[in-house]
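Have a look at the structure below before the remarks.
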Amino acid sequence: MTPQSEAERSGAVAAGLDLTRIYDVADLVNSDRVLFASAPITCPDRPPSPPRQLSPARWSSLSRPGIYTITAPTCPLTSPHDSSSDLCPRDNGSVSSTTTFALIRHGQTDWNAALRIQGRSDIPLNDTGRGQAADAVGHLAAHDWDFVVSSPLSRAAETADLIAEGLGLTVNRRIPEIVERNYGPAEGLSAGPELDALRVPGGPTGIGGFRGAETESSVAVRGVEALQQLARNHPGARIIVVSHGTLIRLTLMHALDQPVATIRNASLNVVAHDEAGWTLDILNGEPVPASLLPAT
């Protein structure tokens, strides 16, 4: 990008514009306060990136709207740490090292509707869940995203596939480390004496665990480590991660060191990671009040 001042550059970065990665040489024209671009670059083994639009809200955050020219470097090789990646990474020295995650719980299943514990049991989406995944596309479309990853369980994988199709993105990987908590003998049960007999008190949520189940701390650690690995492999990327309610909740609690509410089906949860740590921006589709952000 060749803006006339550092203030303009900062404004463009704050707007979330993918300046050095997406386009080779592109003219960006302010037309009705929406940014248009042309001449996408071609990355090795990847279809050309389509022209993108910047929403009016993001365009207005630029310090001085006008006409810009973007010049990108040659598309870098994919990450050596992740041979399955087909993402053409950002030039983070020029843009940002902040990696942003949209953490999406899968859509509803019949066991969700019946309030039965699922865990590792591979229960598919129901029609309500598929509708929730379609609704999630509308919320996610207000932001720019690079690619999608998901848990390998079918309810998360199908949710991810529906979201990716709706946004014109690729499901890059199925990540075993973001599978749901293993609830052991509690899986399939709903509230009642049989479930109560399995309960073990304690844990960060106050709910505790169940005999024969994976501990809350184990879930939290593997969830955070999976996101950190994605951030190392794709610094500066914006990644949709489709997973499970308990995994997302415990991961956020561990990353932020604060309580987090139950995660709703297919709700939008946005968290950013950089050198300073983690910042939660959206929880269950709502902006996070400043009073709930971690102290600095």
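Report the calculated FRET efficiency for ASP127 and GLN258 (r = Cβ-Cβ distance, R0 = 30 Å), to the nearest 0.05. The partial results should precede the final answer.
Values: r = 36 Å, r/R0 = 1.18.
Computed FRET efficiency for ASP127 and GLN258: 0.25.
Compute for segment 121-280: radius of gyration divided by Kirkwood radius, i.e. Rg/Rh, restricted to C-alpha atoms, rounded to two decimals.
Numbers: Rg = 16.0 Å, Rh = 16.5 Å.
Taking Rh as the inverse mean 1/r over Cα pairs, Rg/Rh reads 0.97.
With θ set to phi - 60°, apply the Karplus curve 6.51 cos²θ - 1.76 cosθ + 1.60 along segment 170-177 and write out the HN-Hα couplings as whole Hz, x wherever there is a Gly or Pro.
These are the phi-based 3J(HN,Hα) values: 10, 7, 6, 7, 9, 10, x, 5 Hz.
Based on Cα coordinates alone, diagonalise the gyration tensor for segment 226-296, multiply each eigenvalue by 5, take square roots, and list the semi-axes in whole Å, largest first.
Working: eigenvalues 64, 50, 25 Å².
Gyration-tensor ellipsoid for segment 226-296: 18, 16, 11 Å.
Arranged by the count of other C-beta atoms within 10 angstrom, fewest first, what order do THR262, THR279 take? Walk me through the numbers on the way to the answer.
Values: THR262 13, THR279 18.
Going from sparsest to densest Cβ surroundings: THR262, THR279.
Assuming 0.36 nm per residue, please report the length gained on full extension of the stretch GLU165 to LEU115 beyond their Cα-Cα distance. If you can, show how the numbers build up before the last one.
Working: separation 50, 0.36 × 50 = 18.00 nm, distance 2.91 nm.
Gain on extension, GLU165 to LEU115, equals 15.1 nm.
Where does the charge balance sit around ASP281 when Lys and Arg score +1, Asp and Glu -1, over other residues with C-beta under 13 Å from its C-beta? Numbers along the way, then the final one.
On the way: positive: ARG238; negative: ASP274, GLU286.
So the surrounding residues net to -1.
Readers should treat all values here as calculations from the given coordinates under stated rules, not as data from a laboratory. Not measured: the values here are computed from a predicted model. Neighbour counts are summed over all protein chains in view; Cβ atoms, including those assigned to glycine, are modelled from backbone coordinates with ideal geometry.
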